[in-house]
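The values are calculated or read from the model by the stated rules, or taken from the named source; none is laboratory data. As the structure is a computational prediction, the values presented were derived from the model and not from experiment. Ideal geometry is used to build each Cβ from the backbone, glycine not excepted, and the neighbour counts take in all protein chains shown.
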Amino acid sequence: MKFGIIKERKNPPDKRVVFSPTKLKDLKAQFPEAEIVVESSDIRIFTDQEYKDADIEVTTDLSDCDVLLGVKEVPVEHLLPNKKYFFFSHTIKKQPYNRKLLQAILANNIELYDHETICKANGARLIGFGRYAGLVGAYNGFRAIGLKEGLFTLPKAESLSGLEAMKTELDGIKSKLPNLKILLSGTGKVAYGAKEILDHLGIKEISDALYLTSTFTEPVFCMVDVMEYAKRIDGKVGDKFVFYKDPSGYESNFMPYAKQTDFFIAGHFYGDGAPYLYTRDDVKSPDFNIRYVADISCDVDGPVATTLRASTIADPIYGYDPQSESEVAYTNDNAITVMAVDNLPCELPRDASEGFGDMFLTHVIPAFYNNDKDGILTRAKMTTNTGALSDRYTYLQDYVDGKE
């Protein structure tokens with residue numbers, strides 16, 4: 001089996017990679033029968049020379065590889081026929097902007113394994129950059145607060161050498177934090193990445209009961225799951241596993257939290273049909289107290305009504321005016337400060353790549369050498385080498401045919 005690490009070609013450029021030089025050395029040590037090459041790139045965070053120094057071949061020709069590993073979507077014109085590809089295709093939710101990509105994958109008899117589809121038998125994802133999205137998202141949220149209030153100045157995460165440097169910068173603001181009440185939604189990798197930042201800052205975690213009823217003389221945070229901020233319409237006790245399958249019988253229970261929150265960090269997963277956490281009308285309520293939002297989940301014009309658009313690493317912060325329901329300068333007195341960057345892990349490309357490679361080596365590579373005994377590849381394969389959708393993904397056929 002010959003693996004090739006492809007050059008990222010999507011714009012804007014992404015410096016991340018599936019495997020760092022160090023992790024490829026680990027791969028070769030664990031699976032000496034594996035052949036590995038890296039496509040030359042002047043974009044990725046690790047230089048060609050770093051791979052060469054790790055005794056990894058760097059090439060411009062991947063035509064003899066069996067498996068090609070990337071991060072972002074591969075431009076149609078760069079797809080190699082009859083290969084196995086791993087990358088984030090952004091097609092499993094029938095995203096219109098990538099329909100042509102999936103059509104081209106099928107036309108070229110490519111086996112596509114989307115990183116999002118690599119999961120356990122129960123559906124829990126095994127691979128992703130979620131932790132790093134949470135880390136950078138929470139950091140950026142505090143950076144936005146410092147800029148809005150003139151309390152402190154944090155450099156952009158992308159300007160720093162990595163996670164440890166980012167945490168060192170946070171050490172300098174611990175004594176300057178106001179008495180914020182911080183709400184963190186979610187219990188997955190994204191939310192726990194954000195929690196890592198809150199814990200590093202020494203911010204005290206409290207229960208939702210205390211959060212909703214008490215005032216504090218120090219910064220505090222509360223971490224809530226879906227059954228706290230959503231409730232059954234009929235008043236009965238909710239079940240989050242039922243909610244995940246069918247959220248239609250639920251409504252938002254977010255406003256009691258919004259009344260008590262200064263800074264909201266959105267680290268939850270939002271499923272189709274679930275109730276919005278808060279609406280634009282909710283934001284106009286005098287009970288809505290949130291002044292700062294770090295929307296890591298970044299579902300535009302969706303469950304977090306203050307997120308009008310995704311922001312960028314270059315320009316990460318904007319303001320939301322509750323009365324006009326429009327974007328304004330975040331420095332405006334009546335503006336809610338919004339950070340909604342949708343590619344946050346790109347700000348820590350070295351750390352994020354190391355972490356991603358560790359997960360990929362643990363969960364995916366062994367499947368190529370143990371007859372896929374845990375079904376990892378079987379579940380993840382979206383398309384076959386005969387130009388068809390695999391059984392688990394036939395729901396995409398109308399999307400491929402242009403009917404949806």
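Answer yes if at least one residue in the range 289-306 is assigned to a loop (DSSP other than H, G, I, E, B), in contact with a strand residue (DSSP E or B) (Cβ under 8 Å, 6 or more places away or on another chain) and at positive phi, and no otherwise. Yes, there is a match, as at least one residue in the range 289-306 is assigned to a loop (DSSP other than H, G, I, E, B), in contact with a strand residue (DSSP E or B) (Cβ under 8 Å, 6 or more places away or on another chain) and at positive phi.
The residues on offer are GLU169, GLU111, and the sole one that is under 30 Å from ILE5 (Cα atoms) and acidic (Asp, Glu) is GLU111. Just one of the listed residues (VAL58, VAL38) is in contact with a Ser or Thr (Cβ under 6 Å, 6 or more places away or on another chain), more than 22 Å from GLU116 (Cβ to Cβ) and either assigned to a loop (DSSP other than H, G, I, E, B) or not acidic (Asp, Glu) (or both), namely VAL58. The number of residues in the range 317-339 being surrounded by fewer than 12 Cβ atoms within 10 Å (Cβ to Cβ) and closer than 16 Å to LEU184 by Cα comes to 0. None of TYR244, TYR250, TYR270 is modelled with pLDDT under 95, loosely packed, with under 14 Cβ neighbours inside 10 Å and either of a type in the set (Phe, Trp, Tyr) or assigned by TED's automatic domain parsing to the domain that holds CYS222 (or both) except TYR244. Within the range 214-241, take every residue that is surrounded by fewer than 19 Cβ atoms within 10 Å (Cβ to Cβ) and among the acidic types (Asp, Glu) and give me the one that is modelled with the lowest pLDDT. Per the criteria, the residue is ASP239.
Taking the condition of being more than 16 Å from the chain's Cα centre (by Cα) and of a type in the set (Val, Ile, Thr), how many residues in the range 173-196 meet it? The qualifying residues number 2. For the range 335-358, a residue qualifies if it is in a helix (DSSP H, G or I) and in contact with a Pro (Cβ under 6 Å, 6 or more places away or on another chain), and exactly one does: ALA352. For the range 246-261, the criterion of being among the aromatic types (Phe, Trp, Tyr), more than 30 Å from GLU218 (Cβ to Cβ) and touching a strand residue (DSSP E or B) at 6+ places or on another chain (Cβ under 6 Å) is met by at least one residue. Of all residues in the range 86-123, those satisfying the criterion of being under 21 Å from the mean Cα position of the chain (by Cα) and part of a strand (DSSP E or B) are PHE86, PHE87, LEU112, TYR113, ASP114, CYS119.
Just to verify a result, which residue in the range 6-20, among those that are buried (at least 20 other Cβ atoms within 10 Å of the Cβ) and of a type outside the set (D, E, K, R), is farthest from PHE86 (Cα to Cα)? Within the range 6-20, the match that is farthest from PHE86 (Cα to Cα) is SER20.
Restricting ARG9, ARG44 to those that are at pLDDT 95 or above, touching a Pro at 6+ places or on another chain (Cβ under 7 Å), part of a loop (DSSP other than H, G, I, E, B) and over 19 Å from PRO366 (Cβ atoms) reduces the list to ARG9. Of all the criteria given as (1) surrounded by 19 or more Cβ atoms within 10 Å (Cβ to Cβ); (2) more than 19 Å from LEU147 (Cβ to Cβ), the one not satisfied by VAL293 is (2). The listed residues are GLU73, GLU33, GLU50, and the only one of them that is assigned by TED's automatic domain parsing to the domain that holds TYR113, more than 25 Å from the chain's Cα centre (by Cα), part of a loop (DSSP other than H, G, I, E, B) and touching a residue at least 12 places away in the same chain (Cβ under 8 Å) turns out to be GLU33.
Only one entry of ALA367, ALA314 meets the criterion of being crowded, with 17+ Cβ neighbours inside 10 Å and not in a strand (DSSP E or B), and that entry is ALA367. The helices (runs of 4 or more DSSP H) found wholly in the range 159-236 and carrying at least 3 residues that are free of Cβ contacts under 8 Å to residues at least 24 places away in the same chain occupy 163-171, 208-213.
Results for (1) in a loop (DSSP other than H, G, I, E, B); (2) surrounded by fewer than 17 Cβ atoms within 10 Å (Cβ to Cβ); (3) in contact (Cβ under 8 Å) with a residue 12 or more places away in the chain; (4) not hydrophobic (A, V, I, L, M, F, W, C), shown as yes or no for each residue.
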{"position": "LEU361", "(1), (2), (3), (4)": "no, no, yes, no"}
{"position": "ASP372", "(1), (2), (3), (4)": "yes, yes, no, yes"}
{"position": "ASN385", "(1), (2), (3), (4)": "yes, yes, yes, yes"}
{"position": "THR394", "(1), (2), (3), (4)": "no, yes, no, yes"}
{"position": "GLN397", "(1), (2), (3), (4)": "no, yes, no, yes"}
{"position": "GLY402", "(1), (2), (3), (4)": "yes, yes, yes, yes"}
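Are any residues in the range 157-186 touching an Asp or Glu at 6+ places or on another chain (Cβ under 7 Å) and either under 18 Å from ILE317 (Cα atoms) or not assigned by TED's automatic domain parsing to the domain that holds ASP342 (or both), and if so, which ones? Those that are touching an Asp or Glu at 6+ places or on another chain (Cβ under 7 Å) and either under 18 Å from ILE317 (Cα atoms) or not assigned by TED's automatic domain parsing to the domain that holds ASP342 (or both): ALA157, GLU158.
Please determine whether any residue of the range 139-154 is surrounded by fewer than 23 Cβ atoms within 10 Å (Cβ to Cβ) and under 18 Å from the mean Cα position of the chain (by Cα). Looking for residues that are surrounded by fewer than 23 Cβ atoms within 10 Å (Cβ to Cβ) and under 18 Å from the mean Cα position of the chain (by Cα), one finds none in the range 139-154, hence no.
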